[in-house]
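The structure appears below as structure tokens.
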Amino acid sequence: MSNDYYESHRGEWQWQDGEYTVTRTTAWSGPGCHDGCGVLYYTKDGKLEKVEGDPDNPFNQGALCMRCLEMPEFVNNPTRLGHPMKRAGERGENRWERVSWEEALDLIEEKVRAIWKDYGPESIVCHIGTGRNNCDQIPYLCYAAFGSPNFSMGYLAGDSCFCPRSASMASQNGDFMIADCSQQFEKRYDESTGWRCPEVIVNWGCNAVVSNSDNFFGGWIVDCMQRGSKMITIDPSLTWLASRSAYWLRVRPGTDAALAMAMLNVIISEDLYDHDFVAKWCYGFDELAERVRDWTPERAAEVCWVEAEDIVGAARLYAQADPAAIQWGLKLDQTTNATATACAVNSLWAITGNVDNPGGNIIIRNAFDQNLSYGYGYHLLPPEVQAKRLGAEFPLMSRAGYSSSAHADSVLKAIETGEPYPIRMVWMTSTNPIANMGADAPRLFRALKSVDFVVVNDLFMTPTAIAFADLVLPAAMSPERNSQRCWWVPNRTLTKVTQYEECVSDDDLVTMVGKRLHPENFPWDDNVGWINHIFEHETNDELPYKSFEEAQKVVWSYPAFTYLKHEKGLLRPDGQPGFNTPSGRIELYNTNLMLWGYDPLPDFKEPSCSPVSSPELAEKYPLVLTTGARSFEFFHSEHRQEGTTSRELHPDPLFEMSPAAAEAAGISEGDWAWIENQRGRCRQKLHVNPSLDDRVVRAEHGWWFPETEGAEPNLYGVFDSNINNLTPQCENGDTGFGAPYANQLCRVYPCTEENSRVLPGEQVTRRGGYSKVIDESNGDVKVGAIYG
């Protein structure tokens, strides 16, 4: 459409375009990512027909990924769940009986009250997938309706998605920090706001333009590049950003801490750090300098498989830029050394003075002080119930308060062992853990079979629902819900424009359940009432609207933003200059970690499963395996439905090897091959990637095949291509954060008729899974215990 069309409707939130009603709003639910982009929904006779990016929305400025553009294919998909259903056969048989919402709510109430009576509310666990428009509601369901302290992500080992970085930032800075691409301003890329374009951006551990992770729209980096930003990319593969970078550091998966410490070494030894900022605002610089003194570029080069001169060059380019920003991602979380890695990277922006300055890494809080998220409603639990939250063995999480959820691995152990108490009910909303989050998918399959009552609330029938659910509830998608969104800035609204059968939003579902169990905690009647309650009670007075009816017409609202808040007394409760830490400074020597018995300085620990730490194992499994490679088509395990554009463009699970490694394995482009290690195996299709180190394999995650048989043993083929057959659960860092999704060992060999007679689905569901030789220290299979 021409610009004149959009200009003619500027400032309108809804209008008619011939037969279509056009609604300006926000997308933020499954299927889809973290970001909450501005969209224009085109509906006709109540049906969503088309989605466009909203060119007036400052967040994404009209740009959309294909996952939003193809939303009508999923909203109108005939295979969606449309009604509540109760299991009619045995678990795994995929036999269901349609029930009414009233019957479903009766069953939930009956089961919850029985568990309260016989075991206590802590025996109920709630899970979600990644953070979207359920990351306030489902925690509130857990705490305010069920009275349980045990909300967590869906068996995400080591809580290793943003949580390790969050805890490190909170303990080291007293606040969260993000790369400044002017996203905090309604007037984007406008230097009259005080913003400056970063001279250098470091993209570390995420493929930003594909993943759009952590509420960071990858296109912002491209916008800055067009304004002159130079790039440093740290990634095992030559991504689009890496190919346009001044330095591409092809790091060995799991060794990012060593690289960060070598960069700190260069910056300190060459006197490139910001003396004034360090002297005024940093604590423990001398201790940090001593810790990294031996981490020379040459030492890190040997560990990381990166050239020493590239480490030096990248460190100099970053330190000498004015300003510079670091945008980091998930792979820093997905090692057992995650906390130390995050502290090391955080120290880079601290010692270079790129802290809350224009174009650096800015301190960010949720718009209008609306801090809900995973802790929403936790204060309603009495102290004796809070004390029962699973994960008490990790004091940084449980007692210091640096985690707002139960520890996922501890939840799994409680299901398996009944200690410290049994788990009798599991509620899962928009999470498909045996396809995606659960690090040891076969182990999780065995465990969840033992839970008395399981509720799955999702968009489609999933392998998780078929295998475990007693009750399946249909969830609404973004265009089918009224809600509001606050993760950083701005505050945004979601407006309902269509309805699919009996699907309900998370807001409405939680309200319906909560009013039956603890009505005093639910003084509203529906989603709009809940939103209005949040605006009145969970938001500061600067929010320009006080009702959803007003907010949906405004669509978004940005709070005022101030740089250099530490200089102005805007961070500490006492109003004094400084940071919200015990020392009032950024703690390079982290006294919070020290207080709870952890190393207060960053350090590198070799991954437990690597050619260095496990040389005997590496003789059998010589390749370094890194998992979770992102693609444009999918968001984790979503968007896999047959007949959609996503599956048309990306029909099969892919793994990557270099040409030399593929030749050595006897496979070629497009061949199906087995990826195997001491824990299990899966099969994926080879894509040759010339940029990979010959010693590295990259594999996708989240695969299942909804077009195939749903009943066991197949379960939509969820185990056959599941890379989480090869990764361990309950192997965490000493803080409890981090898990080694990013670094395992494997071998690769061609699929043949003979070696494919027993597929992983049958092995897991009918033959007891893979090796059960357990290491009692962490519950993992023993290294070297071959599956069978």
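The values are calculated or read from the model by the stated rules, or taken from the named source; none is laboratory data. Only a predicted model underlies this, so the values are computations on that prediction, with no experimental measurement involved. Because the Cβ atoms are built from the backbone with ideal geometry, glycine has one as well, and the counts that use them run over all protein chains shown. Ligands, DNA and RNA are excluded from the accessible area calculation, which covers all protein heavy atoms including side chains. Shrake-Rupley method; radii C 1.70, N 1.55, O 1.52, S 1.80 Å.
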Counting pairwise Cα distances across the stretch 3-76, what percent come out greater than 18 angstrom?
35 percent
Suppose every K and R has +1 on its Cβ and every D and E has -1 on its Cβ; what is the size of the dipole of the stretch 615-767 about the Cα centre, in Debye to the nearest 20?
280 debye
Charges only on Cβ, +1 for Lys and Arg, -1 for Asp and Glu: so what's the dipole of the stretch 3-76 about the Cα centre, in debye to the nearest 20?
220 debye
Using a Förster distance of 25 angstrom, determine the FRET efficiency expected from the C-beta separation of Tyr119 and Arg516, and round it to 0.05.
0.85
Per-residue accessible area, 1.4 Å probe, largest first, puts Val355, Val303 in the order Val303, Val355
How much space per residue, in cubic angstrom, does the convex hull of the C-alpha atoms of the stretch 523-564 take up?
77 Å³
For Asp4 and Ser373, FRET efficiency with R0 = 35 Å and r from the beta-carbon atoms, rounded to 0.05?
0.30
May I ask you to list the lysines whose Cα is less than 30 Å away from that of Lys44, ignoring any residue fewer than eight positions away on the same chain?
Lys496, Lys553
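Among 664-677, 734-747, 428-441, 211-224, what's the highest-first ranking by average C-beta atoms within 10 angstrom per residue?
In descending order of packing, they fall as 428-441, 734-747, 211-224, 664-677.
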Pull up the cross-link candidates among the lysines for Lys280, meaning alpha carbon to alpha carbon under 28 Å and not fewer than 8 places away within one chain.
Lys565, Lys568
At 25 °C and a viscosity of 0.890 mPa s, what translational diffusion coefficient does Stokes-Einstein give for the stretch 674-736, taking Rh as the Kirkwood radius over Cα pairs? Give it in µm²/s as a whole number.
179 µm²/s
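Tally up the carbon and sulfur contribution to the accessible surface of the stretch 3-76 as a whole percent, 1.4 Å probe, everything protein left in place.
On the way: 1230 of 2760 Å².
Carbon with sulfur: 45 percent of the solvent-accessible area.
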Set Lys and Arg Cβ to +1 and Asp and Glu Cβ to -1, take the dipole of the stretch 3-76 about its Cα centre, and tell me which of Thr25, Gln61, Tyr42 lies farthest positive.
Thr25
State, as an integer percentage, the relative contact order of the chain based on alpha-carbon contacts under 8 Å between residues 6 or more apart.
18 percent
Say each of Lys553 and Asp17 gets a label point 7 Å from the Cα, pointing the same way as Cα to Cβ; how far apart are those two points in nm?
2.2 nm
Figure the gain on full extension for Glu663 and Phe632 (residue separation times 0.36 nm, minus the Cα-Cα span) and round it to one decimal in nm.
8.4 nm
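Stokes-Einstein diffusion coefficient for the stretch 92-249 at 37 °C in a medium of 0.692 mPa s, Rh from the Kirkwood formula over Cα pairs: what value in µm²/s? The partial results should precede the final answer.
Numbers: Rh = 19.8 Å.
In µm²/s, the coefficient is 166.
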May I ask you to give the average projected area over all directions of the convex hull of the Cα atoms of the stretch 615-767, in nm² rounded to one decimal?
10.3 nm²
Mind checking which lysines have their Cα closer than 20 Å to the Cα of Lys111? Skip sequence neighbours fewer than 8 apart in that chain.
Lys86, Lys449, Lys515
Extension gain from Gln226 to Asp525, taking 0.36 nm per residue of separation minus the Cα-Cα distance:
102.8 nm
With unit charges on the beta carbons (Lys and Arg positive, Asp and Glu negative) and the dipole taken about the Cα centre of the chain, which residue among Phe445, Pro422, Val51 sits farthest to the positive side?
Pro422
Please state the charge dipole magnitude for the chain, taken about the Cα centre, from unit charges on C-beta atoms (+1 on K and R, -1 on D and E), reported in debye and rounded to the nearest 20.
780 debye
Counting only heavy atoms of the protein chains, get the accessible area per residue of the chain (1.4 Å probe) and round it to a whole Å² value.
34 Å²
Along the charge dipole of the chain, which of Ala144, Met657, Phe185 sits closest to the positive end, that is, farthest toward it, with unit charges on the beta carbon of Lys, Arg, Asp and Glu (+1, +1, -1, -1)?
Ala144
Tell me which label goes with the value of percent of Cα pairs over 54 Å apart computed from the coordinates here: [x] 43; [y] 29; [z] 5.
[z]
Going residue by residue through the stretch 722-734, the Karplus relation 6.51 cos²θ - 1.76 cosθ + 1.60 with θ = phi - 60° gives ³J(HN,Hα) values, rounded to whole Hz and with x marking Gly or Pro, of 8, 5, 7, 6, 10, 10, x, 9, 6, 10, 10, x, 5
Helical mean residue ellipticity (222 nm; -39500 (n - 2.57) per DSSP H run of 4+; nearest 500) of the chain
-7500 deg cm²/dmol
Shape call, the stretch 567-695: gyration tensor on alpha carbons, a/c limit 1.5:
oblate
